[in-house]
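Reading through the structure tokens given below for one structure.
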Amino acid sequence: MKVGIPRALLYYEFAPMWLSFFDELEIEYIISPKTNKEIYDRGRNLALHEACLPYKIFLGHVDALIGKCDYILVPRIGGFGFYDRMCTRYLSTVDVVSNTFRDDHIKVLPFNVDYSSRDTELASCIKIGKTLKKKKRDILRAYIIARQAENTDKQIRKNNLKLALKKPTTKILLVGHKYNTMDEYIGRPLIASLEKLGVDVILATDIDDNYAESQSKELTSTMPWTLNRELLGSINALSHEVEGIILLSSFDCGPDSMSNEMVIRKITNVPILNLVVDGQEGIAGLETRLESFVDIILFKKRRLLDD
Ligand code: SF4
């Protein structure tokens, strides 16, 4: 029995927990390869034209797992609180995957979390474990250990963030969903380019989620989407600790375009570069804008030091 895990979309939020859960239950799994042009092209051909880039990439990853596993894990996330909301695309994943791949007869293993309809994370893990013929006692134990693994991962990221902020370097806060900033086709090459230009990149998502959530209220109390609230909170908490901010979003993201517009109007203490990536060429073509932005912040920093 092997579970396929698409390395895309909410994988980057849940991987520490999922992997630990399957390890504890001794369930074999396979993770799709890192995103590349081929995976993107496969997803683009499968997705509706209007789908956002991460969604196309997600479908490409599902496609890459076909024939290599017995089940494909598909997260469907509505929200983590009764009034909590996520982007509606996260809600459609199970239906879209089932329909898109109906001729491949794949078995979808939903990781369904939507507290407004009482689908908790634990209930979802119990369903997954039972589908995979595990005993409830073992599933509960695996879930507890998986949550610990998730907390450990968060703590490590928080500690790394603290250390990175203390360094006397030029820092840029990279603000974007993890599936953008950590993706091999979108965010990783961008981070590598910035590092080559001599700046340290701080990921907005490394901040503590709860702290970010509370900080977001300083900027707005009406942002409906959880992950965007966390990004806003991170900007509010960290904008004074960095020399520049890059807003990284992908075409055609409604929540990010609304949220980024607000950031550009409200955050005035630090230069901001707004980058929207489409899938055709990854980040090729953005280098000139990155170079100019880094030039500006280095110039500003030198002037401040001279004054
Ligand atoms: S938040 Fe934006 S990028 Fe993410 S799934 Fe929704 S529309 Fe796509």
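The values are calculated or read from the model by the stated rules, or taken from the named source; none is laboratory data. All values reported here derive from a predicted model rather than from experimental measurement. FYI the Cβ positions are ideal-geometry reconstructions off the backbone, even for glycines, and counts take in every protein chain you see.
Okay, residues lined up against (1) buried (at least 23 other Cβ atoms within 10 Å of the Cβ); (2) modelled with pLDDT of 95 or more; (3) within 16 Å of the ligand (Cβ to nearest atom); (4) of a type in the set (Lys, Arg):
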position: 201; (1), (2), (3), (4): no, yes, no, no
position: 215; (1), (2), (3), (4): no, yes, no, no
position: 220; (1), (2), (3), (4): no, no, no, no
position: 223; (1), (2), (3), (4): no, no, yes, no
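Of everything in the stretch 249-288, what is in contact with a Gly (Cβ under 9 Å, 6 or more places away or on another chain) and assigned to a helix (DSSP H, G or I)? Give them in sequence order. Result: 256, single match. Residue 26 meets the conditions (1) free of Cβ contacts under 8 Å to residues at least 60 places away in the same chain; (2) on the phi < 0 side of the Ramachandran plot in every case but one. The failed one is (2). Against the list (1) part of a helix (DSSP H, G or I); (2) modelled with pLDDT of 95 or more; (3) within 22 Å of residue 113 (Cα to Cα), the condition residue 9 fails is (1). Within the stretch 75-119, the set of residues being among the basic types (Lys, Arg), closer than 17 Å to residue 10 by Cα and in contact with a strand residue (DSSP E or B) (Cβ under 6 Å, 6 or more places away or on another chain) comprises 76, 85.
The lone criterion from (1) farther than 14 Å from residue 254 by Cβ; (2) touching a helix residue (DSSP H, G or I) at 6+ places or on another chain (Cβ under 8 Å); (3) crowded, with 22+ Cβ neighbours inside 10 Å; (4) not hydroxyl-bearing (Ser, Thr, Tyr) left unmet by residue 82 is number (3). Would you check if residue 49 is surrounded by fewer than 17 Cβ atoms within 10 Å (Cβ to Cβ) and either free of Cβ contacts under 8 Å to residues at least 24 places away in the same chain or farther than 25 Å from residue 140 by Cβ (or both)? Yes. The set of residues from the stretch 41-58 being in a helix (DSSP H, G or I) and more than 12 Å from the ligand (Cβ to nearest atom) comprises 41, 42, 43, 44, 45, 46. Tell me, please, whether a residue that is among the polar types (S, T, N, Q), in contact with a Phe, Trp or Tyr (Cβ under 9 Å, 6 or more places away or on another chain) and surrounded by fewer than 20 Cβ atoms within 10 Å (Cβ to Cβ) can be found in the stretch 96-119. Within the stretch 96-119 (the criterion being among the polar types (S, T, N, Q), in contact with a Phe, Trp or Tyr (Cβ under 9 Å, 6 or more places away or on another chain) and surrounded by fewer than 20 Cβ atoms within 10 Å (Cβ to Cβ)), the answer is yes, since at least one residue qualifies. Of all residues in the stretch 75-91, those that are among the aromatic types (Phe, Trp, Tyr) and within 8 Å of residue 113 (Cα to Cα) total 1.
Of the residues in the stretch 129-151, not one is among the polar types (S, T, N, Q), in a helix (DSSP H, G or I) and within 30 Å of residue 40 (Cβ to Cβ).
Listed here are the residues, each with its yes/no results for (1) over 20 Å from the mean Cα position of the chain (by Cα); (2) crowded, with 20+ Cβ neighbours inside 10 Å; (3) over 21 Å from residue 254 (Cβ atoms).
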| site | (1), (2), (3) |
| --- | --- |
| 4 | no, yes, yes |
| 10 | no, yes, no |
| 33 | no, no, yes |
| 44 | no, no, no |
| 58 | no, yes, no |
| 71 | yes, yes, yes |
| 86 | no, yes, no |
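Considering the stretch 225-236, the residues that are away from the ligand (no atom under 13 Å from the Cβ) and of a type outside the set (Gly, Ala, Ser) include one that is surrounded by the fewest Cβ atoms within 10 Å (Cβ to Cβ), namely 236. Selection of the stretch 64-121 for residues being more than 20 Å from residue 147 (Cβ to Cβ), within 16 Å of the ligand (Cβ to nearest atom) and part of a loop (DSSP other than H, G, I, E, B) yields only 87. Note on the stretch 120-139: residues that are farther than 17 Å from residue 80 by Cα, surrounded by 12 or more Cβ atoms within 10 Å (Cβ to Cβ) and among the charged types (D, E, K, R) total 4. Against the definition (under 13 Å from residue 177 (Cα atoms), free of Cβ contacts under 8 Å to residues at least 40 places away in the same chain and part of a helix (DSSP H, G or I)), how does residue 229 come out, yes or no? So residue 229 passes the test.
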